[in-house]
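Each reported figure results from applying straightforward, stated rules to the coordinates on display, with no laboratory input. This structure is a prediction, so every number in the text was calculated from the model and none was measured. All Cβ positions, even for glycine, are placed from backbone atoms using ideal geometry, and neighbour counts span all protein chains on display.
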């Protein structure tokens, strides 16, 4: 009977420790930025739209003249 | 501001929250008014503390369990559908009331299966930390399809619970959801899996919001969504453990 009670107590201590260590790891790790593998990929869910709504297309610009149409 | 100037400034809708140029609006915010990773994590800590405080009350006064559950449900609906911007005031109340509910229900399970509460708690936080490591390291990459799959699964689970709830009024339940048969345990494991993977979506939401400099209230909203998933996960683990131990 005493052994059973001690086993239960040990069980509680082990699970309690797991909970505390996990919580500690969560709060420590959550403040760290995710890896570049996670952040720099094309398949990311885009919930908030694009950060830089830039309408300028990079590259060499070329003036369009009306003379070409004539 | 003339009508056309407003459209040029914010897009077709005058409310910047509903325009596609939302990020342009976010970029206009001063740095101190933008969402940060630290802020969201600290707010999650505050909500968790309130939830534990509530659980202490619920454990000692289990009669408050059902009123607290209903108030928490209403607060969650208000936060999600009416005013995410007011999550700063609704989310702490939600955490407290749900804590009271969890305290009461945990007492009920603990009376039947001693030691189940600490096991469920350890498993919940263990899954939380493990999935965070997987997300941060890039082992799990949430995509649009991943989100679609999870939302569909959550819809299916919600439907099952609704059918079960309605059937309970007629003195019957879905046995594969409530009994302790191997099939019911299997269904419970799948539900725990879906709830656990939903955490990844919450991590990604917070990470993206902080990265794109969303408004400060999104810290509360991100912490709130994490709490909702954690509470769901804890309840499902509690049910799963109870089913296993009652065999």
If packing is taken as the average number of other Cβ atoms within 10 Å across a peptide's residues, how do B:192-200, B:53-61, B:77-85, A:6-14 rank, most packed first? B:192-200, B:53-61, B:77-85, A:6-14
Can you tell me the length gained on complete extension of the stretch residue B:179 to residue B:139, counting 0.36 nm per residue apart and subtracting the Cα distance? 10.9 nm
Would you calculate the separation in nanometres between label points at residue B:165 and residue A:11, each defined as 7 Å from the Cα along the Cα-to-beta-carbon direction? 3.3 nm
Compute and list, largest first, the equivalent-ellipsoid semi-axes of segment B:128-235 from the alpha carbon gyration tensor, each √(5λ) rounded to a whole angstrom. 31, 16, 12
Shielding by partners, peptide B:202-212 (average Cβ within 10 angstrom, other chains): 4
Can you give the Rg to Rh ratio for chain B, taking only C-alpha atoms and Rh from Kirkwood? 1.02
What is the average number of partner chain Cβ atoms found within 10 Å of a Cβ in B:108-120? 2
Inter-label distance, nm, simple model (7 Å from Cα along the C-beta direction), residue B:32/residue B:172: 6.3 nm
Highest mean packing first, using Cβ neighbours within 10 angstrom, the peptides B:153-163, B:62-72, B:228-238 sort as B:228-238, B:62-72, B:153-163
If you build a Gaussian network model of chain B, linking Cα atoms that sit under 10 Å apart, which residue out of B:42, B:145, B:164 swings the most? B:145
Residues B:109, A:26, sorted so that the one with the fewest Cβ neighbours within 10 Å comes first: B:109, A:26
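Hey, got the average number of other protein chain Cβ atoms within 10 angstrom for residues in B:149-161? If you can, show how the numbers build up before the last one.
Numbers: counts 0, 0, 0, 0, 0, 0, 0, 0, 0, 0, 0, 0, 0.
The shielding value for this peptide is 0.
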Looking at chain B as a GNM with Cα springs under 10 Å, which of B:184, B:152, B:225 has the largest mean-square fluctuation? B:152
With springs only between Cα atoms under 10 Å, which of B:122, B:223, B:40 fluctuates most in a Gaussian network model of chain B? B:122
Got a sec? How would B:244, B:116 order by Cβ neighbour count within 10 Å, fewest to most? B:244, B:116
